[in-house]
Amino acid sequence: MAKEGLVPVSYAYKRMTMSDLQFRMHAKDIEGDDFKEDLLMDLVYLCTFGLENPLRLNVDQDVSLIKYGTKLNDDSSAKEGGEGLNTSTGEAPARSSSNVSGKKQRK
């Protein structure tokens, strides 16, 4: 599932009476590890399924801003014949002779 880009989620339950739960809550700190371990012991497994987690729009620009300090503008890169950030490799296109405005720098 994870290889397909899905987020795996599993469900399980534990059958107990309300009085048993209340006893455990009063006997142990409900924020403590002992209480959590006690509740998570002997669970009955129900199922596992995958949730789609689609990428946000313009995530390539957000990644570019974090990695390179500037957002890659889709309009300017299309005019220059380049492409946006390749999110599969995390690499930005090479921009050797252009400055931020897209104009050629004089040497």
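For every residue, the table says whether it meets (1) in a helix (DSSP H, G or I); (2) in contact with a Phe, Trp or Tyr (Cβ under 7 Å, 6 or more places away or on another chain).
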| position | (1), (2) |
| --- | --- |
| TYR11 | no, no |
| SER19 | yes, no |
| ILE30 | no, no |
| LEU39 | yes, no |
| CYS47 | no, yes |
| GLY50 | no, no |
| PRO54 | no, no |
| ASP60 | yes, no |
| VAL63 | yes, no |
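Remark: pairs (first residue in segment 1-25, closer than 15 Å to PHE35 by Cα and free of Cβ contacts under 8 Å to residues at least 24 places away in the same chain; second residue β-branched (Val, Ile, Thr) and surrounded by 10 or more Cβ atoms within 10 Å (Cβ to Cβ); Cβ separation under 9 Å; 6+ apart in sequence or on different chains) = ARG24/ILE30.
ASP33 passes every criterion in (1) surrounded by 10 or more Cβ atoms within 10 Å (Cβ to Cβ); (2) modelled with pLDDT of 75 or more; (3) of a type in the set (Asp, Glu) apart from (1).
The values are calculated or read from the model by the stated rules, or taken from the named source; none is laboratory data. These numbers come from a predicted model, not from an experiment. So basically every Cβ, Gly included, is an ideal-geometry build from the backbone, and we count neighbours across all protein chains shown.
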